[in-house]
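The values are calculated or read from the model by the stated rules, or taken from the named source; none is laboratory data. Remember, it's a predicted structure, so these values are computed and weren't measured experimentally. Positions of Cβ are backbone-derived with ideal geometry, glycine not excepted, and every protein chain shown enters the neighbour counts.
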Amino acid sequence: MIWYPYQQMKTMKEPYKIIDAEGVWLKTKEREMIDSISSWWSVIHGYKHPVLTEAIKSQADRFSHVMLGGLTHEPVQKLADKLKDFLPGDLDYCFFSDSGSVAVEVALKMALQYYVNRGEMERTKVLSLTHAYHGDTFKTMEVGDDEDYHFILEAYGEKKNVIHIPTQIPALEQAFEKYHQELNCFIVEPLLQGAGGMRMYDISFLVKARELCDRYGVLLIFDEVATGFGRTGNRFVADLVQPDILVLGKALTGGYIGHAVTVANHKVYHGFYSDDPDKALMHGPTFMGNALACSVALKSIELFEDEDYMTKIRRIESITKREMEGFTDDRIQEVRIMGGCVCVEVKDASTLKGYQQFAYERGVFSRPFLNCMYAMVPYIISEEELVRVLDTMKAWFR
Ligand SMILES: *Cc1c(COP(=O)(O)O)cnc(C)c1O
């Protein structure tokens, strides 16, 4: 039987069984519902997009997968070339993997080994944010700050190699002053902390972080697994402040197949480039550079550019602002909007109990977590569909 994610299997409510999906719509036997969270923020072009489906079909007719150990192929080369052009600055070196968590692991390993390769053995610590989420594997749990994983602390004791700070400049300055000799990297979800509660913060924090990383020779990692491809209203936050390592996942393949990439800049890449085999990056997921995933990712990026998705995202943001303007309730802590993300944070998580079923009955799929009711819709959503999602959120409080 299936063991479902983040669920107490004994008390779990029956999941909705999807039999078909098209555009923003998920279909069960009984009804259709708008996927207001894009299958964990990944399905930016909607379901059953003809161009993406065709990309996979035609690649499958040739071959679906060959490993990158000793072999290479056109889809992975084309995608790497495309990303080199599409991403800002000298973020040119693509290491592919099968999921966001693994891609973050690769980024953290890169940062550590970068200094080991230089003989700076004391740089063992990672700076990260409170309420950070970077994935579910062990090291990503450790650099994250998710309450669900605090059992790790109980089991292993305090984290010796991770320092967490809030998104405030004085805390950032203090941490650098105190730990700069031991830090190899500062990892952040830039501007929008997703799974930690849809927390939004100002770009000035990242500008300062870049400055301090430069001053103290610490690598800056942006985990844009969630924020990449327009979710914050920027193509990438990396367009505003450039990190040394950028991690992309989720929307990379338009949500069609799990794939992710860790992109290094010139400086990081050249920390490994050497005649010494011991200085190579020792990593290689079986399915890295999967040909189906690369083919669909390439088409996804082409769609994003050719159909001017940034305009679509700005439209989503302005409709959302218009519809949510002046909306308040005693039970609401704050309504936050950024690009293609809206979050209604409630004071007490119990306020959201039963909301999923309420939304389902109104033709909207939603999945509140912590004290967040939120939407991250597919970018191809129509105005009418988006208004329906937002009306459903507001109706819960009436
Ligand atoms: C979802 C997410 C991850 C993990 O990606 P998976 O593909 O689920 O392993 C990592 N970082 C951030 C910011 C995410 O939102």
- Picked from segment 309-355 (must be touching a residue at least 60 places away in the same chain (Cβ under 8 Å) and among the aromatic types (Phe, Trp, Tyr)), the residue nearest to TRP396 (Cα to Cα) is PHE327
- Message: Looking at segment 147-157, can you tell me whether even one residue there is in the same structural domain as MET198 (by TED's automatic domain parsing), away from the ligand (no atom under 16 Å from the Cβ) and part of a loop (DSSP other than H, G, I, E, B)?
- Response: yes
- Message: Exactly one of these conditions fails for GLY70: (1) within 20 Å of MET288 (Cα to Cα); (2) more than 16 Å from the ligand (Cβ to nearest atom); (3) in contact (Cβ under 8 Å) with a residue 12 or more places away in the chain. Give me its number.
- Response: (3)
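Conditions tested, residue by residue: (1) in contact (Cβ under 8 Å) with a residue 12 or more places away in the chain; (2) in contact with a helix residue (DSSP H, G or I) (Cβ under 9 Å, 6 or more places away or on another chain); (3) among the basic types (Lys, Arg); (4) within 11 Å of the ligand (Cβ to nearest atom).
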position	(1), (2), (3), (4)
TYR93	yes, yes, no, no
GLY100	yes, yes, no, yes
ALA107	yes, no, no, yes
ALA111	yes, yes, no, no
TYR115	yes, no, no, no
GLU122	yes, yes, no, no
ALA132	yes, yes, no, yes
THR137	yes, yes, no, yes
THR140	yes, yes, no, yes
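Residue-by-condition table, conditions (1) in contact with a Ser or Thr (Cβ under 8 Å, 6 or more places away or on another chain); (2) among the basic types (Lys, Arg); (3) buried (at least 20 other Cβ atoms within 10 Å of the Cβ):
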{"position": "LYS109", "(1), (2), (3)": "no, yes, no"}
{"position": "MET121", "(1), (2), (3)": "no, no, no"}
{"position": "LEU129", "(1), (2), (3)": "yes, no, yes"}
{"position": "LEU153", "(1), (2), (3)": "no, no, no"}
{"position": "GLU177", "(1), (2), (3)": "no, no, no"}
{"position": "VAL188", "(1), (2), (3)": "yes, no, yes"}
- Query: Which residues, taken from segment 241-269, are within 14 Å of ASP223 (Cα to Cα), out of contact with any Lys or Arg (no Cβ under 7 Å at 6 or more places or on another chain) and either among the acidic types (Asp, Glu) or within 14 Å of the ligand (Cβ to nearest atom) (or both)?
  - Reply: PRO243, ILE245, LEU246, VAL247, LEU248, GLY249, LYS250, ALA251, LEU252, ALA260, VAL261, THR262
